[in-house]
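Some notes on the structure that comes next.
Derivation of every value follows stated rules applied to the coordinates shown; laboratory data play no part. As the structure is a computational prediction, the values presented were derived from the model and not from experiment. Backbone-built Cβ (ideal geometry, glycine too); neighbour counts: all protein chains shown.
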Amino acid sequence: MNKPLILVTNDDGIYSEGIYVLQQALAEMGRTVVVAPEAEKSAVGHAITISDPIRIKEVSRRNGFTGYAVAGTPADCVKLAVKALLEESPDIVVSGINLGANIGTSVLYSGTVSAATEGVILGIPAIAISIASLVNPDYSYAAKIAKKFTGLVLDNGLPEGTALNINVPNVPEKEVRGIKITRQGASNYNEKFDRRVDPRQRIYFWMDGDLIHPKEDPDLDDIALRDKFVSVTPLHYDLTNKESFTFFKTWDIFNNDR
């Protein structure tokens, strides 16, 4: 019996440390194929390339890490892998390990999450995994979590249309308080734009911001992560706000016979 085929991708690029650690961990439990952006594509959301050619090249790193570097987005990588590069459909898509958390409204911008969502759109179970730090990350526990949930999803599947968004605190494993099933939070960045001038006197801006938590519910992804829990959020690509139907049905335009 063949081992499961695991498609590994990310948005930090194929040369990032996070994807290397992820591939090495998952290679212990299945056949891995890495298809990832050639350069960092953070915060590109679910963008796909339709007006330019998508170029690829083979990449080899150390300890058996091989794959394809794609001149495109994370969603491009998953589409290309499934539709053109692989001879068989992968059993699971695992995206990460992302540098920095994908929580709250940042999920909408995340290329890491969008790669997983693209897998789900194509009918493949998928996981996105991130570590909650931009500096000095310790990927060791996140790699263990990635292996654990990859095995669980391979054994049990996922509900239709659902991807798992996993965020791991960047603390020693012994300090992690547990693993929680969570809802997407409402945290967002209070963005600031630093106005600068280049040597040719042209104005440009550099975006930065502070993370704010408008709600303190312990079952939200951002709060659970802050409290040193691994946050596991089931995401669905159907963005319809079904609860709002009652509100809109009060509008006369929806209550006529035309």
³J(HN,Hα), Karplus 6.51/-1.76/1.60, whole Hz, each residue of segment 48-56, x for Gly, Pro: 10, 9, 10, 10, 9, x, 9, 8, 10
If r is the Cβ-Cβ distance from LEU108 to GLU28 and R0 is 30 Å, what FRET efficiency results, to the nearest 0.05? 0.35
Roughly how many Å is it from the Cα centre of segment 236-258 to that of segment 1-48, as a whole number? 39 Å
Among [x] 22; [y] 26; [z] 12, the entry that matches percent of Cα pairs over 34 Å apart as calculated here: [x]
Round to the nearest 0.05 the FRET efficiency obtained for ASP198 and ALA71 when R0 = 45 Å and r is the Cβ-Cβ distance. 0.95
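Starting from segment 1-57, pick out the GluC sites (Glu not before Pro) whose DSSP state is loop and whose Cβ has at most 16 other Cβ atoms within 10 Å.
Details: sites: GLU17, GLU28, GLU38, GLU40; in loops: GLU28, GLU38, GLU40.
Answer by residue number: GLU28, GLU40.
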Out of PRO234, PRO53, PRO169, any idea which swings most in a Gaussian network model of the chain, alpha carbons joined below 10 Å? PRO53
Taking the highest mean first, how do the peptides 124-131, 85-92, 190-197 order by number of other beta carbon atoms within 10 angstrom per residue? 124-131, 85-92, 190-197
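Calculate how many DSSP beta bridges within the chain are antiparallel, expressed in % of all such bridges and rounded to the nearest 5.
Working: 21 of 49 bridges.
The answer is about 45 percent antiparallel.
With the cut-off at 22 Å, tell me which of the pairs LYS147/LYS174; LYS57/LYS79; LYS148/LYS180; LYS192/LYS242; LYS174/LYS228 have Cα atoms farther apart than that.
Values: LYS147/LYS174 18 Å; LYS57/LYS79 16 Å; LYS148/LYS180 14 Å; LYS192/LYS242 33 Å; LYS174/LYS228 10 Å.
From the list (LYS147/LYS174; LYS57/LYS79; LYS148/LYS180; LYS192/LYS242; LYS174/LYS228), the Cα-Cα distance tops 22 Å for LYS192/LYS242.
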With springs connecting C-alpha atoms under 10 Å apart, model the chain as a Gaussian network and identify which of ASN165, ASN102, ASN156 has the largest mean-square fluctuation. ASN156
Taking the dipole about the Cα centre of the chain, with the C-beta of Lys and Arg at +1 and of Asp and Glu at -1, give me whichever of VAL120, VAL168, ILE181 is farthest to the positive side. VAL168
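Taking other Cβ within 10 Å of each residue's Cβ, how do ASP222, ASP52, ASP208 sort, fewest first?
Least crowded to most crowded, the residues run ASP52, ASP208, ASP222.
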As a test of the formula, what do you get for the chain when each DSSP H run with n ≥ 4 contributes -39,500 (n - 2.57) and the sum is divided by the residue count, at 222 nm and rounded to the nearest 500 deg cm²/dmol? -6000 deg cm²/dmol
Hey, with R₀ at 45 Å, roughly what FRET efficiency would ALA84 and LEU239 work out to, going by the Cβ-Cβ distance, to 0.05? 0.95
